[in-house]
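Rule-based calculations on the coordinates, nothing more; no lab input. Computed from a predicted model, the values in this text were never measured in an experiment. So basically every Cβ, Gly included, is an ideal-geometry build from the backbone, and we count neighbours across all protein chains shown.
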Amino acid sequence: MFDRVAPRYDRTNTVMVAGQDKRWRRATREALTLQPGERCLDLGAGTGVSTAELAGSGADVVGADISLGMLREHDDRQVPLVNADALRLPFADDTFNAVTGTFFIRNVIDPAACLTEILRVLQPGGRMVLCEVSRPVWKPYRAAHGLFVKHVMPRVAARVSSDAEAYRYLAASTLEWPDQAEFADRIVLAGFRKVAWRNLAGGAVALHRGFK
Ligand SMILES: C[S@@+](CC[C@H](N)C(=O)[O-])C[C@H]1O[C@@H](n2cnc3c(N)ncnc32)[C@H](O)[C@@H]1O
């Protein structure tokens, strides 16, 4: 599916959320508090747009994605990108100071197995920050957001994306993804410590953090 949406992925994304995706990627970088020389893995890197944001910190960042189509759309971003499955990462145990993924984990076939794999490649004490869709906190906004995701997003995508059907899936996966507390529970269950989250955009997006 991501191979199919790849040709217009960056543009469709930015149009659908009115440019806020840039702000959310920046918030992810800030939450990671990367230091120059640290090793960071960006999972579901796609076109490398999130990896390029992280590389601005001076850390050694590598992006990984299962979709060659997405990686090919890297648009000359000067960041290392590898074709890899986040459920079977080609990295040794305890490799990274930080692992992250923006709008990635809800698209993985087995998110629980992915969390276990992230834990494996993190160094002891290393941190994970995941930026993912979530549930708006204020009830009237939650209702309006649900309608936007269900009815407006697929229509906008039909006009700008290279595959409108795929964006119907994205709308469904957004509505089905667990809320902040439930996702935090899943992270704890996977074995992470000091798990916490922070809402962005009133909770429509959330950053979840945990430590190995
Ligand atoms: C919505 S895109 C996010 C891209 C980018 N991180 C961003 O911020 O725009 C989700 C990405 O996750 C990737 N993905 C899904 N399952 C994966 C897996 N098992 N291993 C690696 N990447 C995966 C998809 O190929 C896709 O490029």
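Remarks
- Charged neighbours of Val149, selected by a Cβ distance under 12 Å, balance to +4 (K, R count +1; D, E count -1).
- Taking a ≥ b ≥ c as the square roots of the eigenvalues of the Cα gyration tensor, segment 95-212 is classed as prolate, since a/c reaches at least 1.5 and a/b is larger than b/c.
- Structure-based [θ]222 nm, the chain - -39500 (n - 2.57) summed over DSSP H runs of at least 4, per residue, nearest 500: -12000 deg cm²/dmol
- Summed residue charge, Cβ within 10 Å of Val195's Cβ, Lys/Arg positive, Asp/Glu negative: +3
- Note on the chain: GNM, Cα springs under 10 Å; of Pro140, Pro124, Pro111, the largest mean-square fluctuation is that of Pro140.
- Computed label-point distance, nm, for sites Arg155 and Lys22 using a 7 Å Cα→Cβ extension: 2.7 nm
- Neighbour-limited loop hits for trypsin sites (Lys or Arg not before Pro), segment 40-141 (at most 11 other Cβ within 10 Å; DSSP other than H, G, I, E, B): Arg88
- Most mobile listed residue (Cys40, Cys114, Cys131) in the chain, GNM with C-alpha springs under 10 Å: Cys114
- Residues of segment 151-183 with amide N under 15 Å of the 7 Å Cα→Cβ point at Arg8: 153-168
- Segment 1-94 shape via C-alpha gyration tensor axes, a/c threshold 1.5: oblate
- Among Met128, Met70, Met16: highest mean-square fluctuation, GNM of the chain, C-alpha pairs under 10 Å: Met16
- Positive dipole terminus of the chain, leading residue within Pro154, Ala92, Pro80 (C-beta point charges): Pro154
- Cross-link partners of Lys139 among lysines (Cα-Cα below 26 Å; sequence separation of 8 or more within a chain): Lys22, Lys150
- For segment 183-212, the residues whose amide N sits under 12 Å from a probe point set 7 Å from the Cα of Thr116 along the beta carbon direction are 190-191.
- Net charge contributed by nearby residues that have their C-beta within less than 15 Å of Trp24 (K/R +1, D/E -1): +2
- The value given for segment 77-146 is a Kirkwood hydrodynamic radius of 14.0 Å, derived from the mean inverse Cα-Cα separation.
- All lysines inside 21 Å of Lys212 as judged from Cα atoms, apart from same-chain residues fewer than 8 positions distant: Lys194
- Approximate spin-label separation Val137-Asp75, in nm, with each point projected 7 Å along Cα-to-Cβ: 3.2 nm
- Within segment 68-117, the percentage of alpha carbon pairs spaced more than 15 angstrom apart rounds to 57%.
- Radius ratio Rg over Rh of the chain, counting only Cα atoms, Kirkwood formula for Rh: 0.94
- FRET efficiency estimate (nearest 0.05) - Cβ-Cβ, Asp93 to Asp60, R0 22 angstrom: 0.75
- Of the chymotrypsin sites (Phe, Trp or Tyr not before Pro) found in segment 124-154, those in coil by DSSP whose Cβ has at most 14 other Cβ atoms within 10 Å are Trp138.
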